[in-house]
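Below is one structure, written out as structure tokens; comments come after it.
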Amino acid sequence: MARPTTKKDLQSAAENSFQKLLASINAMPEAMILTPLQFNDDKLKEAHWRRDKSVKDVLIHLYEWHELLLHWVQNNLEGNEVPFLPEPYNWKSYGAMNVTFIEKHQLTSFETAKAMLIESHTQVMTLIDTLSNDALFSKAYFSWAPTSTVGSYCVSATSSHYEWAFKKLNKHVKMNS
């Protein structure tokens with residue numbers, strides 16, 4: 001799937017990828033949802049293969065990235081300039097931030113995490129709907145996003161992240177079936 005470069009394509013890709021992810025989660029038997037994620041493949045070198053220990057952790061990861069996006073856009077639109085990543089994190093250290101998301105939600109249930117993700121997806125889609133195509137995809141349209149587009153952040157937090165989660169959870173199902 002090509003990376004969206006228009007509002008219409010972003011909305012379509014985000015919704016289609018989300019529905020595909022949700023359908024795969026809804027099709028998982030409870031035992032699979034409760035089975036710990038274990039990817040013992042030396043080819044899987046990225047940190048997330050070891051970080052996420054449960055299906056819930058994957059959902060929380062998506063939810064927290066939605067929250068980052070919503071916080072960033074809403075604050076900046078209100079004139080409160082904030083960076084996308086909260087202090088003390090940057091693009092070299094955000095892996096540690098991802099770990100804090102898992103730690104923060106140790107007591108969050110799978111069902112609560114799923115409901116939180118569905119709600120935050122709705123909020124992100126509403127936010128995207130309020131922005132024009134130019135606001136989303138014109139570089140430096142906003143002074144607080146001078147080197148990228150707000151749309152690229154939206155793609156990363158929605159369709160790209162949903163596809164990542166779908167593939168990861170699909171691998172979990174295949175390894176445990």
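The values are calculated or read from the model by the stated rules, or taken from the named source; none is laboratory data. Everything quoted here is computed from the prediction, not taken from an experiment. Cβ: placed from backbone, ideal geometry, glycine included. Neighbour counts: every protein chain shown. Keep in mind that these areas ignore ligands, DNA and RNA; they rest on the heavy atoms of the full protein, side chains included. Shrake-Rupley method; radii C 1.70, N 1.55, O 1.52, S 1.80 Å.
Taking Glu46 as meeting all but one of (1) in a loop (DSSP other than H, G, I, E, B); (2) open to solvent by less than 40 Å² (accessible area, probe 1.4 Å); (3) within 30 Å of Val150 (Cβ to Cβ), write down the number of the exception.
Condition (2) is where Glu46 drops out.
Could you grab me the full set of residues in the range 1-38 that are of a type in the set (Phe, Trp, Tyr) and either open to solvent by 50 Å² or more (accessible area, probe 1.4 Å) or in contact with a Lys or Arg (Cβ under 7 Å, 6 or more places away or on another chain) (or both)? Walk me through how you get there before you give the answer.
If we filter the range 1-38 for residues that are of a type in the set (Phe, Trp, Tyr), which is where we start, we get 18.
Those that are of a type in the set (Phe, Trp, Tyr) and either open to solvent by 50 Å² or more (accessible area, probe 1.4 Å) or in contact with a Lys or Arg (Cβ under 7 Å, 6 or more places away or on another chain) (or both): none in the range 1-38.
Would you say Lys104 is of a type in the set (Lys, Arg), at pLDDT 95 or above, over 27 Å from Tyr141 (Cα atoms) and open to solvent by less than 50 Å² (accessible area, probe 1.4 Å)? Show your work before the answer.
On the way: of a type in the set (Lys, Arg): yes; at pLDDT 95 or above: yes; over 27 Å from Tyr141 (Cα atoms): yes; open to solvent by less than 50 Å² (accessible area, probe 1.4 Å): no.
Against the criterion (of a type in the set (Lys, Arg), at pLDDT 95 or above, over 27 Å from Tyr141 (Cα atoms) and open to solvent by less than 50 Å² (accessible area, probe 1.4 Å)), Lys104 does not qualify.
Before we move on, is Asp134 in a helix (DSSP H, G or I) and without any contact (Cβ under 8 Å) to a residue 40 or more places away in the chain? Give the derivation first.
Values: in a helix (DSSP H, G or I): yes; without any contact (Cβ under 8 Å) to a residue 40 or more places away in the chain: yes.
Yes; evaluated as a whole, the condition is true for this residue.
If I ask for residues that are of a type in the set (S, T, N, Q) and open to solvent by 50 Å² or more (accessible area, probe 1.4 Å), which ones from the range 78-99 would you list?
Correct list: Asn80, Asn90.
Check the range 60-77 and report whether any residue there is open to solvent by less than 50 Å² (accessible area, probe 1.4 Å), touching a Lys or Arg at 6+ places or on another chain (Cβ under 7 Å) and over 24 Å from Ala145 (Cα atoms). Reasoning before the result, please.
Filtering the range 60-77 for residues open to solvent by less than 50 Å² (accessible area, probe 1.4 Å) gives 60-66, 68-70, 72-73, 75-76.
Filter once more, so that each one left must be touching a Lys or Arg at 6+ places or on another chain (Cβ under 7 Å): none.
Within the range 60-77 (the criterion being open to solvent by less than 50 Å² (accessible area, probe 1.4 Å), touching a Lys or Arg at 6+ places or on another chain (Cβ under 7 Å) and over 24 Å from Ala145 (Cα atoms)), the answer is no, since none of the residues qualifies.
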